[in-house]
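Written out below as structure tokens is the structure these notes cover.
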Amino acid sequence: MSSQFDLIVIGAGPGGYVAAIRAAQLGMNVACIEKEKPLGGTCLRVGCIPSKALLESSDLYEQAKKSFGKRGVQIGKLELDLPQMLAQKDETVSTLTRGIDGLFKKNKISRFQGHAKFLGPGQIQVNNADGESLLTSRQILIATGSVPTTLPGIELDGERVVSSTEALCFQKVPESLVVIGAGAIGLELGSVWRRLGSQVTVLEYLDRILPGMDGELAKQALKTFQSQGLQFQLRAKVTGVSVNRKSCDVHVDGMDSIRCERVLVAVGRKPNTQDLGLEKIGVTPDKRGFIPVGKHYQTSAEGVYAIGDVIGGAMLAHKAEEEGIACVEYLSTGYGHVNYQAIPAIVYTNPEVASVGSTEEQLKEQKIEYKVGTFPFAANGRARAIGHAEGLVKILADARTDRILGAHIIGPHAGDLIAEVAVAIEFSASSEDLARASHAHPTLAEAIKEAAMAVAKRTIHM
Ligand code: NAD
């Protein structure tokens with residue numbers, strides 16, 4: 001079978017499937033090749049969505065245990081039904097992945113299941129159990145994402161020493177879990193299993209958690225997570241793991257080994273270019289395995305583009321989506337752009353940690369003069385009423401122009417609140433613009449208004 005398309009997209013994660021839909025809307029005849037049966041990629045199948053389902057369920061369990069009584073809700077004997085919790089997560093995933101099948105049908109996108117490989121310029125072979133197909137197009141978009149990585153000397157066996165994929169479906173709560181890496185994955189999944197009863201120790205190589213996020217918030221997050229019962233060892237360089245019959249020993253440079261039931265390796269992800277046949281089109285990944293691209297996501301091969309985790313930068317679903325849209329809009333209209341300053345990042349712990357734009361550390365490094373406005377949720381009426389008054393909003397604005405340069409939030413619903421500041425940055429707003437916009441009372445968003453007012457030292461409730 002041979003088929004010719006206006007655009008072939010390799011990979012149906014948030015970058016690839018969104019690009020395919022947008023290209024179809026723009027009138028292209030699009031094929032999308034995905035090796036897994038469900039569409040949606042890491043994010044929907046084994047990443048963002050299942051982890052958020054477990055974060056929500058485990059948080060409800062913890063709240064039922066620790067705070068329902070204080071709010072006058074007595075529930076008698078509380079029990080964990082882990083199989084049901086996992087089933088709810090799986091149901092969420094399958095509903096959403098089926099939804100993308102529906103979107104593909106609606107947009108008349110030809111879906112191919114199988115492994116895609118370049119045979120030469122403009123030619124892709126798709127392999128699956130039924131055989132091979134050859135697809136051709138003058139425009140091919142690589143959106144193959146990333147896969148979990150590990151440390152030298154640590155083999156992921158998928159059973160005792162696992163990546164995030166398996167840590168989303170432990171069939172029993174491990175008595176003890178060592179998490180290697182205090183980034184988003186380590187803290188989110190570490191929190192899930194701690195809430196469900198595991199003794200969780202997070203080992204982090206750096207002297208801080210959440211690398212890349214604002215330092216002040218990361219410090220506050222560390223204290224909060226410690227008070228919740230997560231144990232941390234910072235400056236801990238993990239050198240290996242020995243797997244025993246019933247336990248694991250995690251070896252750390254200069255420290256005693258730590259014995260535990262399971263180990264979650266959460267030290268980052270690596271670009272996925274395995275067996276893509278890039279050599280057939282003369283594309284060479286860089287030293288870290290990423291595909292180098294130009295301003296419009298073009299690779300060194302004519303007509304071949306790449307977006308998302310596979311090109312580097314923040315490994316975030318929504319960053320990949322923006323790139324996918326910008327790339328295909330450029331192909332169709334000659335214009336497409338991503339404002340990387342306005343891409344938020346969120347860690348879905350409780351409290352959530354969210355960030356957009358520059359951190360204080362980055363502004364200092366770039367010698368940009370800035371003003372800071374902060375406001376604590378402890379002084380926000382809604383936060384008090386819902387019983388989640390921990391954390392703060394911090395807004396950074398240019399000292400000369402007052403333009404908002406960044407915002408950092410730790411607190412209830414930080415991940416939803418940050419969207420307001422992302423939009424403000426997109427519109428090049430000043431902190432005064434945010435401060436003068438009416439925010440409904442009582443809402444958590446008032447903390448953003450107050451932090452913006454604090455930039456000009458005119459906050460009302462502090
Ligand atoms: P990460 O890069 O965010 O964090 C990995 C951590 O491991 C770092 O703090 C690093 O210093 C530490 N580390 C590295 N080597 C170590 C060693 N030998 N011993 C101890 N610690 C070591 O990676 P991640 O948390 O695995 O996430 C992978 C990617 O997926 C990231 O880009 C992340 O942003 C993304 N992601 C995002 C979300 C979200 O947005 N909520 C959720 C999950 C994943």
For the range 192-211, what are the residues that are assigned to a loop (DSSP other than H, G, I, E, B) and in contact with a strand residue (DSSP E or B) (Cβ under 8 Å, 6 or more places away or on another chain)? Ser198, Glu204, Tyr205, Ile209, Leu210
For the range 356-445, list the helices (runs of 4 or more DSSP H) that sit wholly inside it and hold at least 1 residues that are in contact with a helix residue (DSSP H, G or I) (Cβ under 8 Å, 6 or more places away or on another chain) and closer than 24 Å to Leu55 by Cβ; which are they? 381-386, 414-426
Since Val147 meets every condition but one in (1) away from the ligand (no atom under 16 Å from the Cβ); (2) closer than 22 Å to Gly324 by Cβ; (3) touching a strand residue (DSSP E or B) at 6+ places or on another chain (Cβ under 8 Å), which condition does it not meet? (1)
Quick one: count up the residues across the range 226-284 that are more than 14 Å from the ligand (Cβ to nearest atom) and part of a loop (DSSP other than H, G, I, E, B). 16
Restricting attention to the range 171-191, which residues are more than 19 Å from Ala317 (Cβ to Cβ) and either within 16 Å of the ligand (Cβ to nearest atom) or out of contact with any strand residue (DSSP E or B) (no Cβ under 7 Å at 6 or more places or on another chain) (or both)? Gln171, Lys172, Val173, Leu177, Val178, Val179, Ile180, Gly181, Ala182, Gly190, Ser191
What are the pairs, 6+ residues apart or on separate chains, where a residue within the range 319-343 that is free of Cβ contacts under 8 Å to residues at least 12 places away in the same chain has its Cβ under 7 Å from a residue that is open to solvent by less than 60 Å² (accessible area, probe 1.4 Å)? Tyr335/Glu329; His337/Ala326
If I go through the range 192-206 residue by residue, how many of them are within 6 Å of the ligand (Cβ to nearest atom) and not hydrophobic (A, V, I, L, M, F, W, C)? 2
Would you mention how many residues in the range 332-347 are more than 14 Å from the ligand (Cβ to nearest atom) and crowded, with 22+ Cβ neighbours inside 10 Å? 0
Would you please name the residue that is farthest from the ligand (Cβ to nearest atom), looking only at residues in the range 291-316 that are of a type in the set (A, V, I, L, M, F, W, C) and part of a loop (DSSP other than H, G, I, E, B)? Ala301
Would you check which residues across the range 303-319 are closer than 19 Å to Ala20 by Cα and either of a type in the set (Val, Ile, Thr) or open to solvent by 10 Å² or more (accessible area, probe 1.4 Å) (or both) and list them? Gly303, Val304, Tyr305, Ile307, Asp309, Val310, Ile311, Leu316, Ala317, His318
Filtered residues of the range 155-188 (kept if among the charged types (D, E, K, R) and in a loop (DSSP other than H, G, I, E, B)): Glu155, Asp157, Glu159, Arg160, Lys172, Glu175
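The values are calculated or read from the model by the stated rules, or taken from the named source; none is laboratory data. If you're wondering where the values come from, they're calculated on a predicted model, not measured in any experiment. Heads up, the Cβs are rebuilt from the backbone with ideal geometry, glycines too, and the neighbour counts pull from every protein chain shown. Ligands, DNA and RNA are stripped out before the accessible areas are found, and what is left, the full protein with its side chains, is counted by its heavy atoms. Shrake-Rupley method; radii C 1.70, N 1.55, O 1.52, S 1.80 Å.
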